[in-house]
Amino acid sequence: MPSLKDLRNRIASVKATQKITKAMQMVAAAKLRRAQLAAEAARPYAERMEAVLANIAGNMTPGTGPALLSGNGRDNVHLLVVCTAERGLCGAFNSSIVRLARERANALMAAGKTVKIICVGKKGYDQLRRQFEKQIIELIELRSVKQMAFSDADPIGRKIISLFEAGEYDVCTIFFARFRSVIAQIPTALQLIPAQFTAAESAGGAQAAYEYEPSEAGILDALLPRNISVQVFRALLENAASEQGARMSSMDNATRNAGDMIKKQTITYNRSRQAMITKELIEIISGAEAL
Amino acid sequence: MAAFHFELVSPERLIFSGEVEQVVVPGSEGAFTVLANHGPVMSTIRPGVVEIVESASKSSRLFVRGGFADVSPKGLTILAEQAIPVAELDAAKIDAELRAAEEDVEDASNDAQLAAAQLRRDQLRELRSALNL
């Protein structure tokens with residue numbers, strides 16, 4: 001049976017924790033709004049880009065075209081780009097992305113393929129390091145980045161392309177959490193190289209006879225590398241929104257848990273306080289009766 | 001004059017969207033003017049100034065860098081990596097771009113890279129003299 005002082009201390013400490021989680025929840029809510037706006041503002045560019053690429057790619061005979069579009073014909077070395085958050089305390093956000101990436105990596109390795117991993121975000125690196133120490137070729141930290149800008153995503157895109165051109169890998173997949181709502185973030189794997197377009201878009205491709213300047217291949221050469229950066233940028237924005245969403249709901253849970261705990265502890269505290277008073281009274285009364 | 005739909009998008013946001021009468025696009029193989037009912041063209045763009053004429057009395061100029069223009073029956077879309085209103089543009093910004101381009105020329109490790117970097121540098125020089133900064 002803890003003493004009254006112990007109980008009082010425990011209640012005070014839970015209250016302090018509750019204040020912290022409450023503050024984190026509100027900060028996450030404010031950041032989430034900004035992240036969501038940024039993700040929405042970036043959507044038109046990515047969508048147009050995809051439409052145009054699908055249009056050109058649809059007109060090309062399969063198997064031809066630049067390597068970035070159709071791959072280099074091999075399937076031996078896989079590059080996994082795992083995007084996670086820089087900070088914890090956001091529920092299962094980081095773990096769910098890492099789990100998806102880890103399952104994929106294990107499956108690929110079981111099939112005899114070579115796996116290379118680039119971690120964007122420290123949390124994913126911390127979790128993957130234990131199992132894939134040798135496979136991780138780079139960790140990109142975005143800790144200092146407050147608001148994700150295209151200039152943060154571009155170097156990552158360039159890095160991916162230069163590794164591809166150097167023949168370091170054959171297939172590139174990026175892992176991130178797609179933002180559905182505050183309570184639902186879906187860990188997603190998206191194949192960057194060779195590029196994949198949804199069938200619906202390619203089907204609507206050849207509608208207009210375009211004139212190309214400088215040439216079809218020239219445009220494709222200019223667009224494909226940019227498309228990689230745009231996809232990375234988009235993934236990072238989705239991730240930022242998802243992270244804040246996950247943090248908001250997990251901190252909301254934590255605040256509620258702390259509230260329940262305070263209520264329970266307060267009842268225990270009051271009970272034992274009353275029990276103590278009753279005990280003292282009984283002692284006094286029985287002492288008086290004995291006289 | 002007939003109007004058509006024009007959109008200018010950067011990776012971060014939609015910069016301009018609306019009905020316009022005329023747009024001058026700095027295409028990589030020469031600038032061209034887009035009017036309503038222009039035939040479908042897809043062109044990469046060089047660093048330069050996009051001139052948007054919304055109506056006889058209202059027009060604006062934006063500096064764009066890297067991207068491409070897509071003229072379709074639905075209208076004109078420019079996807080630019082960067083877009084700055086000319087009013088906010090100053091010599092320092094262009095000089096910074098130019099320096100970066102010159103460094104690229106020096107750092108280029110193969111012919112294709114060198115050619116691309118040189119092209120970019122020349123385009124920027126041209127732009128700088130055109131703007132009289």
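Each reported figure results from applying straightforward, stated rules to the coordinates on display, with no laboratory input. What you see is a predicted model, and the numbers here were worked out from it, not measured in a lab. When we count neighbours, we look across all protein chains shown, and the Cβ atoms used for this are built from the backbone with ideal geometry, even at glycine.
Can you spot the lysines whose alpha carbon is less than 28 Å from A:K31's alpha carbon? Ignore those fewer than 8 places along the same chain.
Qualifying lysines at Cα under 28 Å: A:K15, A:K19, A:K22, A:K122, A:K123, A:K146.
How shielded is A:212-219 by partner chains, expressed as the average number of their Cβ atoms within 10 Å of its Cβ atoms?
Across A:212-219, the average partner-chain Cβ count within 10 Å equals 4.
Would you grab the residues whose amide H sits under 5 Å from the one on B:S59? Only those 5+ places off in sequence or on another chain, please, with H modelled 1.01 Å from N.
B:E54
With 10 angstrom as the radius, rank B:I78, A:I285, A:I193 by how many other C-beta atoms surround their C-beta, starting from the fewest.
A:I285, A:I193, B:I78
Quick one: among A:A149, A:A254, A:A12, which has the greatest mean-square fluctuation in a GNM of chain A with alpha-carbon springs under 10 angstrom?
A:A12
Taking the Cα centre as origin and putting +1 on Lys and Arg beta-carbons and -1 on Asp and Glu beta-carbons, what dipole magnitude results for the protein assembly as shown, to the nearest 20 debye?
That gives the protein assembly as shown a dipole magnitude of about 2940 debye.
Could you give the angle, 0 to 90 degrees to the nearest 10, between helix B:91-107's Cα long axis and the longest principal axis of the Cα atoms of chain B?
Here the helix axis deviates by roughly 50 degrees.
Quick check: the angle from helix B:111-131's long axis to the longest principal axis of chain B, C-alpha only, nearest 10 degrees?
The helix B:111-131 is inclined about 60 degrees to chain B.
If you plug each phi of the range A:73-88 into the Karplus form 6.51 cos²θ - 1.76 cosθ + 1.60 with θ = phi - 60°, what whole-Hz ³J(HN,Hα) values come out, in order, with x for Gly and Pro?
Per-residue couplings from phi come out as x, 10, 8, 9, 10, 10, 9, 10, 9, 9, 9, 10, 8, 8, 10, x Hz.
So which trypsin sites (Lys or Arg not before Pro) in the range A:95-200 pass both tests, a DSSP loop state and at most 14 other Cβ atoms within 10 Å of the Cβ?
Sparse-neighbourhood loop trypsin sites (Lys or Arg not before Pro): A:K134, A:R143, A:K146, A:R180.
Using helices alone, I'd like the mean residue ellipticity at 222 nm for chain A: each DSSP H run of four-plus residues gives -39500 (n - 2.57), total over residue count, nearest 500.
Dividing the helical sum by the residues of chain A leaves -22500 deg cm²/dmol.
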